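The values are calculated or read from the model by the stated rules, or taken from the named source; none is laboratory data. Note that the structure is a prediction, hence the values are computed from the model and not measured. So basically every Cβ, Gly included, is an ideal-geometry build from the backbone, and we count neighbours across all protein chains shown.
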Ligand SMILES: Nc1ncnc2c1ncn2[C@@H]1O[C@H](COP(=O)(O)OP(=O)(O)OP(=O)(O)O)[C@@H](O)[C@H]1O
Ligand SMILES: [Mg+2]
């Protein structure tokens, strides 16, 4: 019995890093430009299909594809910010929500149109390798995904703390007028922020392909999970998103074995979401972009 | 050096600045005084580019700048220290200062400029590693002015730098503004503290309802009966 719980804990941690990476992207764009990006999870399929086609057409390993795709992932965020988000950035909230929901629907339907609604998988040779850990099994590809995700998040954190551009991004998050006053081109910073944000999600998508199915609508549930993580960790808080990702990963994983139906696993997640909103709306770690 | 010609500006569809014309002479301190809500802040924001110029022209060294973005104006040397300071509270004082030299030209000289600024504001040097949000109001204002100077601007616009500060600190701030002028920086000051600001000003304008009414040198306005009655409480 203990093994079941250990397995649940491990599974939770193994998906937690992926949740963290996805959520960090969402929290960044929220922190910097207060946009609630409902298309966020849908960028997952960009990374996924990219890795899928790299693998099936060119025989490129998904991890290599993740790196090769970086400029595309970043550029996509940059372009979407420039042409779709920027024009509505100062519009009423409902308009902004409609635009991001619109982007979400577009991404999904473009994928359906070009790649069919069928589920796809990337079957790499090492895909089902596992190691034993006190009777529990650890999937190596999941371990790699979660570990790499943490590395990327830490790298991003260092970038934000140590570089000139990172400092400017934090400045924009803290005080937009202050940022304008010191001569920061905030439109450019916003493009960089959405670029980084899509990179986070797309990387997660590509790294998931060895163990996760691909379908045009797979991103939706990740959008929801990312919102839960971001609210849990504190809106705009990077560390919060990192830790929150693991918390939600573990909660979902236990929800899956403790709920009468595995499909009800998200009930646990959303219970936490509701409790946080009721009792600690600033999240566990506050709302600073640090 | 800087000239506004018939400038209008405002928020959404409310016109706040109504055909304002004024001039700043190179190397001078010019003050705008006026009651609450007459459009002083809006004027500064319009010069800095945070508010759009609806009509009219803003000329910097005879070339129009009203279409330029805020960061382009900063690069040209037009910098504002905003009302309420608008520091980055969870960044350190040092990071705040470095952001003051964000544009590429200024960034190259960030070290020298930092040294120059800290010479002027020794109190700020003691606080470099502290988070800006934890400073006292006076210290925050000093950091805000220091940050504004980090790019060695040609024009520094200060929006109510003495607001909310203890009298002794207010005096220090005004002394520092006089020092800033000695660096060769042209200063545009918006102030409620009419007495003190007029005493350091070369030139002053009185703003009422989106436009300037009375103008003259600092000493002239200090003895102007209307100014005395309305703004000096005499
Ligand atoms: N963001 C805004 N949206 C709409 N109206 C605004 C906004 N900011 C200021 N106003 C209005 O513009 C008018 C002028 O404001 P402004 O801040 O320029 O005045 P001010 O002269 O700086 O006043 P104070 O001495 O109080 O700082 C005021 O009536 C104010 O209510
Ligand atoms: Mg004002």
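Just one of B:85, B:152 is at positive phi, at pLDDT below 95 and within 16 Å of ligand 1 (Cβ to nearest atom); which is it?
Numbers: B:152 fails: within 16 Å of ligand 1 (Cβ to nearest atom).
Being at positive phi, at pLDDT below 95 and within 16 Å of ligand 1 (Cβ to nearest atom) holds for just one of B:85, B:152, which is B:85.
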Where residue A:109 falls short, out of the listed (1) modelled with pLDDT under 95; (2) closer than 20 Å to residue A:51 by Cα; (3) surrounded by fewer than 15 Cβ atoms within 10 Å (Cβ to Cβ): (1)
Residue in the stretch B:96-118 that is crowded, with 21+ Cβ neighbours inside 10 Å, in contact (Cβ under 8 Å) with a residue 40 or more places away in the chain and more than 12 Å from every other protein chain (Cβ to nearest Cβ) present: no
Residue list for the stretch B:155-176, filter: away from ligand 1 (no atom under 16 Å from the Cβ) and under 24 Å from residue B:99 (Cβ atoms): B:155, B:156, B:169, B:172, B:173, B:176
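Hey, does the stretch B:144-153 have a residue that's within 16 Å of ligand 2 (Cβ to nearest atom), within 11 Å of another protein chain (Cβ to nearest Cβ) and in contact with a strand residue (DSSP E or B) (Cβ under 9 Å, 6 or more places away or on another chain)?
Of the residues in the stretch B:144-153, the ones within 16 Å of ligand 2 (Cβ to nearest atom) are B:144.
Filter once more, keeping what is within 11 Å of another protein chain (Cβ to nearest Cβ): B:144.
Of the ones still in play, those that are also in contact with a strand residue (DSSP E or B) (Cβ under 9 Å, 6 or more places away or on another chain) are B:144.
Scanning the stretch B:144-153 turns up at least one residue that is within 16 Å of ligand 2 (Cβ to nearest atom), within 11 Å of another protein chain (Cβ to nearest Cβ) and in contact with a strand residue (DSSP E or B) (Cβ under 9 Å, 6 or more places away or on another chain).
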Boolean, residue B:51 is within 15 Å of ligand 2 (Cβ to nearest atom), surrounded by fewer than 22 Cβ atoms within 10 Å (Cβ to Cβ) and closer than 23 Å to residue B:232 by Cβ: no
Odd one out for residue B:56 among (1) in a strand (DSSP E or B); (2) facing another protein chain (nearest Cβ under 8 Å); (3) on the phi > 0 side of the Ramachandran plot: (2)
Residue B:70, sole failed condition from (1) crowded, with 20+ Cβ neighbours inside 10 Å; (2) within 14 Å of chain A (Cβ to nearest Cβ); (3) in contact (Cβ under 8 Å) with a residue 24 or more places away in the chain: (3)
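Of the residues B:179, B:191, B:139, only one is away from ligand 1 (no atom under 16 Å from the Cβ), touching a helix residue (DSSP H, G or I) at 6+ places or on another chain (Cβ under 7 Å), touching a residue at least 24 places away in the same chain (Cβ under 8 Å) and more than 14 Å from chain A (Cβ to nearest Cβ); which? Quick ask: steps written out before the conclusion?
Values: B:191 fails: away from ligand 1 (no atom under 16 Å from the Cβ); B:139 fails: touching a residue at least 24 places away in the same chain (Cβ under 8 Å).
Exactly one of B:179, B:191, B:139 is away from ligand 1 (no atom under 16 Å from the Cβ), touching a helix residue (DSSP H, G or I) at 6+ places or on another chain (Cβ under 7 Å), touching a residue at least 24 places away in the same chain (Cβ under 8 Å) and more than 14 Å from chain A (Cβ to nearest Cβ), namely B:179.
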Residues being modelled with pLDDT under 90 and within 16 Å of ligand 2 (Cβ to nearest atom) - total across the stretch B:181-207: 3
Residues of the stretch B:23-53 satisfying the condition of being near ligand 1 (Cβ under 7 Å from one of its atoms) and either within 14 Å of another protein chain (Cβ to nearest Cβ) or in a strand (DSSP E or B) (or both): B:41, B:42
Candidates B:86, B:125, B:147 - the one that is buried (at least 24 other Cβ atoms within 10 Å of the Cβ) and either under 17 Å from residue A:172 (Cβ atoms) or more than 19 Å from the chain's Cα centre (by Cα) (or both): B:147
Odd one out for residue A:285, checked against (1) more than 14 Å from every other protein chain (Cβ to nearest Cβ); (2) part of a loop (DSSP other than H, G, I, E, B); (3) in contact with a helix residue (DSSP H, G or I) (Cβ under 7 Å, 6 or more places away or on another chain): (1)
Of all residues making up the stretch B:157-172, the number that are surrounded by 15 or more Cβ atoms within 10 Å (Cβ to Cβ) and within 16 Å of ligand 2 (Cβ to nearest atom): 8
Pairs where the first residue, in the stretch B:3-22, is within 14 Å of chain A (Cβ to nearest Cβ) and the second is within 13 Å of ligand 1 (Cβ to nearest atom), C-beta under 9 Å, 6+ apart: B:11/B:42; B:11/B:51
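Test residue A:282 against the stated conditions and say whether it is in contact (Cβ under 8 Å) with a residue 24 or more places away in the chain, over 30 Å from residue A:49 (Cβ atoms) and surrounded by fewer than 23 Cβ atoms within 10 Å (Cβ to Cβ). Before you say what the answer is, go through the steps one by one.
Values: in contact (Cβ under 8 Å) with a residue 24 or more places away in the chain: yes; over 30 Å from residue A:49 (Cβ atoms): yes; surrounded by fewer than 23 Cβ atoms within 10 Å (Cβ to Cβ): yes.
Yes, satisfied.
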Some residue of the stretch A:213-224 being touching a helix residue (DSSP H, G or I) at 6+ places or on another chain (Cβ under 9 Å), under 30 Å from residue B:69 (Cα atoms) and buried (at least 20 other Cβ atoms within 10 Å of the Cβ): no
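Output yes when any residue across the stretch B:5-17 is within 27 Å of residue B:184 (Cα to Cα) and away from ligand 1 (no atom under 16 Å from the Cβ), and no when none is. Reasoning before the result, please.
At the first step, the residues of the stretch B:5-17 found to be within 27 Å of residue B:184 (Cα to Cα) are B:5, B:7.
So of that shortlist, the ones also away from ligand 1 (no atom under 16 Å from the Cβ) come out as B:5.
Yes, the stretch B:5-17 contains a residue that is within 27 Å of residue B:184 (Cα to Cα) and away from ligand 1 (no atom under 16 Å from the Cβ).
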Unmet requirement for residue B:213, which otherwise passes all of (1) within 20 Å of residue B:229 (Cα to Cα); (2) touching a residue at least 24 places away in the same chain (Cβ under 8 Å): (2)
Residue that is farthest from the other protein chains (Cβ to nearest Cβ), among those in the stretch A:179-189 that are in a helix (DSSP H, G or I) and crowded, with 24+ Cβ neighbours inside 10 Å: A:179
